[in-house]
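One structure below.
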Amino acid sequence: MEPFTPLREGEVAVYNCGPTVYDYQHIGNLYSYLTADVARRTFEYFGDRVKQVMNITDVGHLVDDADTAGVDKMAVGAAREHLDPLAMAERYTEQFMVDRRKLNILDPHVVAKATEHIPAMIALIERLIAKGNAYVAADGVYFDTTTFPGYGTRLNPEPPDERQAGARVEVNPNKRHPFDFALWRAAKPGDLQQWESPWGRGNPGWHIECSAMSMAYLGETFDVHSGGEDHLFPHHECEIAQSEAATGKPFVRYWTHTHFLRMDSAKMAKSAGGFFRLDDLIARGHDPLAFRMLALGVTYRKGLDFTWEALAEAERRLDGWRTQLREATQAGGAPRTRATDDPIRIAFAEAIGDDLNTPRAIAQAEAALKLVNSTDPASRDRGLGLLYDMDRVLGLGLEASATTIDALDEGDKRLFDERLAARRAGDYKRSDELRTALEARGIKVKDTKDGSRWERIKEGSAP
């Protein structure tokens, strides 16, 4: 933990490690982008102008994060789908962006595809060779890790040889040292993706892609680089080594790593086969934003334990917020202009400013919700203003849901109006009968001092 000071006052340059688009992204992948979205929204909440860049890895990422011995994930996906790699990449990139938007994740300002930045990667490799940090071998070009003191320990407490003690280290006679990593891989027979280079036809290593693309859009030193905890080593350590060796400058000022989403105490992963897509949650009747609410309930450093029960509880909380906001709006509530000196807003800002502590931020949102339910109109309007202000960070679409007009159909409206007339006439027996009839049609009626309100009963919930 350290205070955040951007390189340029009032501006924040952010790079997010994006997906390898050889398959659908599961909710564990999406969880990492949710936390990156909260970070961006937080910077903007505090008045900073953010430039957010996210890459799309559509070449170069080998199965099991291997360096040279292995198959490109894009080739695996293309063979499975019987598609050209770029056609397949386009399909899964589009679905990824659709899923992000369902979760109210803001679009990056720049989406950089690896295959569209090959010249920048080649130029960066040439700089490293010229400076003596990289060498040409029979099967490609490698970064010489012995030329970068402290390789592998900028983000990790122990050096690579200790971290991987007892693990199988890839044996490659073309490498000078075991931990040297590929910058460029010579084309192999059957490679579907390959380009011309000064070292023959081939394709880039995974690590060089992010260095080249991030520096192309954000400069040789920028503010924030994010990813999952699995990027700590080797990916981000390799990025640091090759970038700083090439430029002689600090690469990234602040790193953030989201801990895994776990299911049954294990990391959710495509390779394990047991994963859920966002569409799986929707197919079970869940609102995608319930998953966002669930994610907000934990800090990104802790990671998220996913269960269906936890998701249902998060959805009940979100539905409760929406209902209370809708009722306050229907009763004439209007959000009061936010006051920067409001103690609840100050506490909220302190929470999200403390390493994005979303659980504490949610607690302040609950405090504002109590005001929304106040019988005092001024307190109610203050609460609405606070919650809509907080939602600039939470991203739950609260104001839109509170003001959405959902009309009853003709039959339901006739029953609702008949019940209202029965109550006014003091015929409570008939009123109760009509309440039961409406509930059987999926309409829940709530009587308040301001009149009768209705809401739709979600499938699977008790009336």
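The values are calculated or read from the model by the stated rules, or taken from the named source; none is laboratory data. Being a predicted model, the structure only gives us computed values, none of them experimental. We place every Cβ from the backbone using ideal geometry, glycine too, and count neighbours over all the protein chains shown. Ligands, DNA and RNA are excluded from the accessible area calculation, which covers all protein heavy atoms including side chains. Shrake-Rupley method; radii C 1.70, N 1.55, O 1.52, S 1.80 Å.
Miscellaneous remarks
- Some residue of region 142-149 being closer than 16 Å to CYS238 by Cα, touching a Pro at 6+ places or on another chain (Cβ under 7 Å) and open to solvent by 20 Å² or more (accessible area, probe 1.4 Å): no
- Where helices (runs of 4 or more DSSP H) sit wholly within region 295-384, those with at least 1 residues that are touching a strand residue (DSSP E or B) at 6+ places or on another chain (Cβ under 9 Å) and in contact (Cβ under 8 Å) with a residue 12 or more places away in the chain occupy 308-330.
- Boolean, ASP107 is acidic (Asp, Glu), modelled with pLDDT of 95 or more and within 26 Å of the chain's Cα centre (by Cα): yes
- Looking only at region 230-267, and only at residues there that are aliphatic (A, V, I, L, M) and in a helix (DSSP H, G or I), the one that is most open to solvent (accessible area, probe 1.4 Å): LEU232
Every residue, every condition in (1) modelled with pLDDT under 95; (2) among the acidic types (Asp, Glu); (3) open to solvent by less than 50 Å² (accessible area, probe 1.4 Å); (4) out of contact with any Leu (no Cβ under 8 Å at 6 or more places or on another chain), yes or no:
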position	(1), (2), (3), (4)
ILE346	no, no, no, yes
VAL372	yes, no, yes, no
PRO377	yes, no, no, yes
ASP381	yes, yes, yes, yes
SER401	yes, no, yes, no
THR404	yes, no, no, yes
ASP409	yes, yes, no, yes
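- Residue that is surrounded by the fewest Cβ atoms within 10 Å (Cβ to Cβ), among those in region 25-54 that are under 21 Å from ALA112 (Cβ atoms) and aromatic (Phe, Trp, Tyr): PHE43
- Only residues that are in contact (Cβ under 8 Å) with a residue 40 or more places away in the chain and of a type outside the set (Phe, Trp, Tyr) were counted across region 92-109, and they come to 11.
- Residue match in region 118-128 (condition: open to solvent by 10 Å² or more (accessible area, probe 1.4 Å) and on the phi > 0 side of the Ramachandran plot): no
- Against the list (1) more than 19 Å from ASP37 (Cβ to Cβ); (2) touching a Cys at 6+ places or on another chain (Cβ under 9 Å), the condition SER226 fails is (1).
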